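All of the numbers you see were taken from the coordinates with simple rules; none came from a lab. Not measured: the values here are computed from a predicted model. Methodologically, a virtual Cβ is constructed for each residue, glycine included, from the backbone with ideal geometry; neighbour enumeration extends over all protein chains shown.
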Amino acid sequence: MSTAAAQVHEEDHGHHHKETFITKYVFSQDHKMIAKQYLITGLFMGIIGIAMSLLFRLQLAWPEQPFGIFEVLLGKWAPDGVMDPNVYLALVTIHGTIMVFFVLTAGLSGTFSNLLIPLQIGARDMASGLLNMISFWLFFLSSVIMIASLFVEAGPAAAGWTIYPPLSALPQAQPGSGMGMTLWLVSMAIFIASSLLGSLNYIVTVLNLRTKGMTMTRLPLTIWAFFVTAIIGVVSFPVLLSAALLLIMDRSFGTSFFLSDIFIQGEVLHYQGGSPVLYEHLFWFLGHPEVYIVLLPALGITSEIIATNARKPIFGYRAMVASILAIAFLSTIVWGHHMFISGMNPFLGSVFTFTTLLIAIPSAVKAFNYITTLWKGNLQLNPAMLFSIGLVSTFITGGLTGIILGDSTLDINVHDTYFVVAHFHLVMGISALYGLFAGVYHWFPKMFGRMMNKNLGYVHFWVTAVAAYGVFFPMHFVGMAGLPRRYYTNTAFPYFDDLANINVVITVFALIAGAAQLVFLYNFIHSMFYGRETEQNPWRSNTLEWTAPVEHMHGNWPGAIPHVHRWAYDYSKPGQEEDFVPQHIPLKEGEEELQH
Amino acid sequence: MTIALSLTILVLIGISVWQIAKIFELSQSKKENTQVANDNDNRYNGQLMFAFLLFIYGITLYSFWKWGDVLLPEAASEHGSEYDNLMWISFAIIFFVQTITQALLHYFAYKYHGKKGQKALFYADNDRLEAIWTIIPVITLAGLILYGLYTWTDIMSVEENEDALVVELYAQQFNWKARYAGDDGVLGDANVRFLQDFDGRNLVGIDATDPNGLDDVIVQELHLPVGREVIFKMRSQDVLHSAYMPFFRAQMNCVPGMITEFAFTPNKTTSEMRLDPDVVAKVKKINKIRAENSKDLVANGEEALEPYVFDYLLLCNKICGASHYNMQMKIVVDTPEEFEKWMADQQTFAQVIQ
């Protein structure tokens, strides 16, 4: 079926359709344009998300001090320039939501799955261009609604990005649980629809539209990662959708799925028999796999970039694929480690501790394989490579503390403290952001036909790398000292007075890290228009996307789609003249293909 | 002042970043204007990779030297030492692995930086090597899992018994209350429906028709006798809260509509803790900071901060609204005699509603 479809497409593609500005740049069905739309929307949301974090970091370092910037940006929510506690919670909530879903799910996975899946497997486009377009525009719509929620009278959602009821369900509980929360839920419901359409498209495309010779075991690891990520998304996002819908019912139609026995603001509410713990189960059934939805694409990108720039095959291809699959499977049975002290049966805690710590095994295999790939390589330290190595570093540092948090016993005292914040920011936040940056530096020539400036890239990486550790390493200490997260200030507890100077250090590093992103932004926009024009295969890479012409065209390749004769990692293969052999080059006479 | 200073530092850092970028720009040879890394880039960035390894070690050592004293507050419950042992063992393993893997990663990035004409080693697989680094984590984690589960079961198995003190922790936006079972040792039935009875004097919603509830005692400051097991029953009247008692290595969410449980045995009284050398040092350090901050306040015509005296804390650790950051209760661990004396002074529910 796949070949037939491809053939039809091939003939179809001979005569060009007339494209208008609208069909080319706005309602485009071309995967490359959709990828760029995802990236730019994602980066825009990223600017907002990061800026929010800087605002609340200022409040944490210098609590209840007036800042002119607060007055300008927060207006009536910062009377005399002092941030209001409700706004603090709103900033924390929207920062989390935007970074996890809008930047690191849609911005990362949406961009690179769209760009790379057809190009790297040798397909003219996604299985359904129309669904792909709808998927992007739903994402865009949900972004607009999320941004709009910042401007409602009582403020945006402020119940934490996990929006646990009853706090999120009752407008009486906090101002952010009114209109702001309604918009949050609507935005997320649309976001999930977008994500599901995208994921289904990715899965079908990878399974059906691979070019001749592109067997599953010859797929680049990027595609494996995107493919498995899409499967996790299809399995777990619907559960969050159901949680969101049930919460909407509780909020607006008086049902009691998550609520029971509530007395608030002098009034007994009618809710009977529901349980907030049920919501927690539903939320984390997506919430934990979400970590891997964010992280796996970044690891896939890293695998590709490290192999290309080390001029070496990725070490242990089979083990890498197996560990992606193992992580994906385990990720769906570990959600309870977010709920050790939620009041669920302690026996469940034991089960979830066991499954959670098992994830460390495939993760360790991946880390060791990356390190071995560097060994005796001929490392081309391009900015993309630096970010990939940086990712491995933060993935290790952040992942290791997971051993503490995944252990139900140890979780008792560090649960919901800054220790958790430090852990997940390193292991999924910073790591996935590094993956995003690595991907942008590496595939910028493919997307825009121009190169980004490497020196600005180096400055961007080194300042970010130092500042990221500067922010999150000391944060572990704040958490181990027992300071809970989502505290507007710690001045209510004299016991925490000696943490004030750590908070200042963290905030200063955060501001530096934020400033470094301006270098990236400048480089990105400037290079888009004035960057040096690229050659076809600037990184001397093996994968198929670099056999397509620099100039974008509908259908990707002018002639026939290249056939594939080898895996993607024949770098520095003995007996070859060049230190790379692209996938479409047939085996030489007597050349052996590695068995995977 | 601090703000002005920090902003100056930021500006200076900005300028230095700009300068570094210029140096990078100038160090490029004029001939090549491609944006792909050349030998020079590889060498410089390789060296920076090595420097970065030293930075990671440096910030680790610095943090421990400077802030090591804030880690894990002094334990004051019987399972506290068990908890702390498991924590330090896990930490030892983490530091060992972290030190070695970061060293390999960054050292390789430095050592094998690219040179023109050099060829990498074609090395795609080694089953034995991979088996080794699969099996070692398996064994290590199996040990940690078993140790962890053993401790977890030990901490979490709450058994009702005659000797234990039963205390209800009651959470609401934004304060805590505690209810003792009284002489009969049984907490009276309660529900939010009863909160409005007796003109709001029924603070935790006790069912006045249940005789078990009449001798219950409701307080705003939690007192516990040392050396006796305390079984906590947690309730919340509005949203999720979490009862976090870091000194006792104890935490449990308070969930509207259900009763959750946690138990521990305090093993140091508040007075004993105040004499503990670590706590004394900590209090001294905090009071130094407070004295420093007071100077600024007094200069602005405000009142100076009270000196800090050590007390056990109960904090809310689940986001619950605007004043989440200030939802706290003092815990006092008494000797059994002091506890009985204190308890005798409290009003029972029957007395409150009269």
Margin query: For residue A:450, what residues show an amide H to amide H distance below 5 Å, using hydrogens built from the backbone and excluding near sequence neighbours?
Written below: A:534
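How big is the C-alpha Rg of region A:441-596 next to the rule-of-thumb value 2.2 N^0.38 Å, as a ratio? Provide the component values of the computation, followed by the final result.
Working: Rg = 24.2 Å, N = 156, 2.2 N^0.38 = 15.0 Å.
Expressed relative to 2.2 N^0.38 Å, the Cα Rg reads 1.62.
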Item checked: For region A:194-249: span of alpha carbons on each principal axis (Å, largest first) -> 51, 16, 12
Check: Which whole-number percent of Cα pairs in region B:183-341 have a distance greater than 20 Å?
Finding: 63
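Quick one: longest stretch of chain A between exposed loop trypsin sites (Lys or Arg not before Pro), exposed meaning at most 13 other C-beta atoms within 10 Å and loop per DSSP? Walk me through the numbers before you get to the answer.
Values: sites that count: A:18, A:588.
Answer - A:19-587.
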Next item on the list: Please report, to one decimal in angstroms, the Kirkwood hydrodynamic radius of region A:31-108 built from all distinct Cα-Cα pairs.
Entry: 13.3
Note to self: Please list, in order along region A:256-264, the HN-Hα scalar couplings obtained from phi with the Karplus expression 6.51 cos²θ - 1.76 cosθ + 1.60 (θ = phi - 60°), rounded to whole Hz, x for Gly and Pro.
What the structure shows: 10, 5, 10, 10, 7, 6, 10, 10, 9
Item checked: Alpha-carbon Rg/Rh ratio, for chain B, with Rh computed the Kirkwood way -> 1.12
Notebook entry, point to check: Sorted from largest down, what three extents in whole angstroms do the Cα atoms of the protein assembly as shown have along their principal axes?
Noted result: 97, 57, 55
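Fewest first, what order do A:224, A:62, A:443 take by the number of other Cβ atoms within 10 Å? Present the calculation step by step, with values, prior to reporting the outcome.
Working: A:224 22, A:62 18, A:443 25.
Starting with the residue having the fewest Cβ neighbours, the order is A:62, A:224, A:443.
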Note to self: With bins 10 Å wide starting at 0, give me the P(r) of region B:30-88 over every alpha carbon pair, in whole percents.
What the structure shows: 17, 24, 20, 15, 12, 8, 3, 0
Notebook entry, point to check: Under the Karplus relation 6.51 cos²θ - 1.76 cosθ + 1.60, θ = phi - 60°, what is the ordered set of whole-Hz ³J(HN,Hα) values for region B:81-92, x standing for Gly and Pro?
Noted result: 6, 4, 4, 5, 4, 4, 4, 5, 5, 4, 4, 4
Notebook entry, point to check: If contacts are Cα pairs under 8 angstrom and at least 6 residues apart, what is the relative contact order of chain A in percent?
Noted result: 16
Checklist line | Test item: A:276-285 mean partner chain Cβ contacts at 10 Å | finding: 2
Notebook entry, point to check: Viscosity 0.692 mPa s, temperature 37 °C: Stokes-Einstein D of region B:73-167 from its Kirkwood Cα radius, in µm² per second?
Noted result: 181
Check: Where the only charges are on Cβ atoms (+1 Lys, Arg; -1 Asp, Glu), what is the dipole of chain A about its Cα centre, to the nearest 20 debye?
Finding: 880
Note to self: From zero outward in steps of 5 Å, how is the percent of C-alpha pairs of region B:88-238 spread across the bins?
What the structure shows: 2, 7, 10, 12, 10, 7, 6, 6, 6, 6, 6, 6, 5, 4, 3, 2, 1, 0, 0
Item checked: Translational diffusion of region A:403-486, µm² s⁻¹ [Kirkwood Rh, Cα pairs; Stokes-Einstein; 20 °C; 1.002 mPa s] -> 146
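Please list the three semi-axes, largest first and in whole Å, of the ellipsoid equivalent to region A:82-182, using sqrt of 5 times the eigenvalues of its alpha carbon gyration tensor. Numbers along the way, then the final one.
On the way: eigenvalues 246, 33, 23 Å².
Result for region A:82-182: semi-axes of 35, 13, 11 Å.
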Check: With Cβ to Cβ distances under 15 Å as the rule, what net charge do the other residues near residue A:323 carry (K, R +1; D, E -1)?
Finding: -1
Checklist line | Stokes-Einstein D in µm²/s, Kirkwood radius over Cα pairs - region A:184-316 at 4 °C with 1.567 mPa s viscosity | finding: 74
Checklist line | Under 10 Å, Cβ to Cβ, from residue B:80 - net charge with Lys/Arg +1 and Asp/Glu -1 | finding: -2
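Give the relative contact order (percent, whole number) for chain B; include only Cα pairs under 8 Å separated by 6+ residues. If you can, show how the numbers build up before the last one.
Details: 471 pairs, mean separation 60.9, N = 354.
Averaging sequence separation for qualifying contacts and normalising by length gives 17 percent for chain B.
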Item checked: Pairs of alpha carbons in region A:294-413 whose separation is greater than 24 Å (percent) -> 35
Check: Taking the Cα centre of chain A as the origin and placing charges on Cβ (Lys, Arg +1; Asp, Glu -1), which of A:354, A:176, A:552 is farthest toward the positive end of the dipole?
Finding: A:552
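Taking every pair of Cα atoms in region A:103-161, average 1/r, invert it to obtain the Kirkwood radius, and report Rg/Rh to two decimals. Intermediate values should be presented prior to the final figure.
Working: Rg = 15.7 Å, Rh = 13.6 Å.
Ratio of gyration radius to Kirkwood radius for region A:103-161: 1.15.
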Next item on the list: Identify all lysines with a Cα-Cα distance to residue B:119 below 17 Å; exclude those on the same chain that are fewer than 8 residues away in sequence.
Entry: A:312, A:376, A:573, B:111
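Where does each of A:539, A:137, B:65 land when they are ranked from fewest to most other beta-carbon atoms within 10 angstrom?
Details: A:539 24, A:137 16, B:65 9.
Going from sparsest to densest Cβ surroundings: B:65, A:137, A:539.
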Item checked: When the convex hull of its Cα atoms is projected in every direction, mean area for region A:238-289 (nm²) -> 3.7
Check: Kirkwood Rh, region B:173-215, all Cα pairs: how many Å?
Finding: 10.8
Item checked: Scattering curve values for region A:246-338, log₁₀ I(q)/I(0), Debye with Cα scatterers, q = 0.13 Å⁻¹ -> -0.63
Note to self: With +1 assigned to the C-beta of every Lys and Arg and -1 to the C-beta of every Asp and Glu, and no other charges, what is the dipole magnitude of region A:419-540 about the Cα centre in debye, to the nearest 20?
What the structure shows: 380
Next item on the list: Would you mind getting the Kirkwood hydrodynamic radius of region B:10-120 from its Cα pairs, rounded to one decimal in Å?
Entry: 18.1
Notebook entry, point to check: What is the local net charge at residue B:290, summed over the other residues whose Cβ is closer than 14 Å to its Cβ (Lys, Arg +1; Asp, Glu -1)?
Noted result: -2
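Mind checking the mean number of beta-carbon atoms from other chains within 10 Å of the Cβ atoms in B:82-95?
Numbers: counts 1, 4, 2, 0, 4, 7, 0, 0, 7, 6, 0, 2, 7, 1.
The per-residue average across the peptide is 3.
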Notebook entry, point to check: Amide H neighbours of residue B:264 under 5 Å, counting only residues 5+ apart in sequence or on other chains, H built in-plane at 1.01 Å?
Noted result: B:230, B:232
Next item on the list: Would you mind ranking A:306, A:48, B:23 by Cβ crowding within 10 Å, fewest neighbours first?
Entry: B:23, A:48, A:306
Item checked: Shape call, region B:304-345: gyration tensor on alpha carbons, a/c limit 1.5 -> oblate
Margin query: As I understand it, the dipole of the protein assembly as shown uses +1 on the Cβ of Lys and Arg and -1 on the Cβ of Asp and Glu, about the Cα centre. Which of B:65, B:146, B:310 lies farthest toward its positive end?
Written below: B:65
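Using a simple charge model, +1 on the beta-carbon of Lys and Arg, -1 on the beta-carbon of Asp and Glu, nothing else, what dipole does region B:74-137 show about its Cα centre, in debye to the nearest 20? Write out the running numbers ahead of the final one.
Working: 5 positive and 7 negative charges, 195 e Å.
Its charge dipole is roughly 940 debye.
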Notebook entry, point to check: Rg (Å, one decimal) plus Dmax (Å, integer) for the alpha carbons of region A:508-573?
Noted result: 17.8, 55
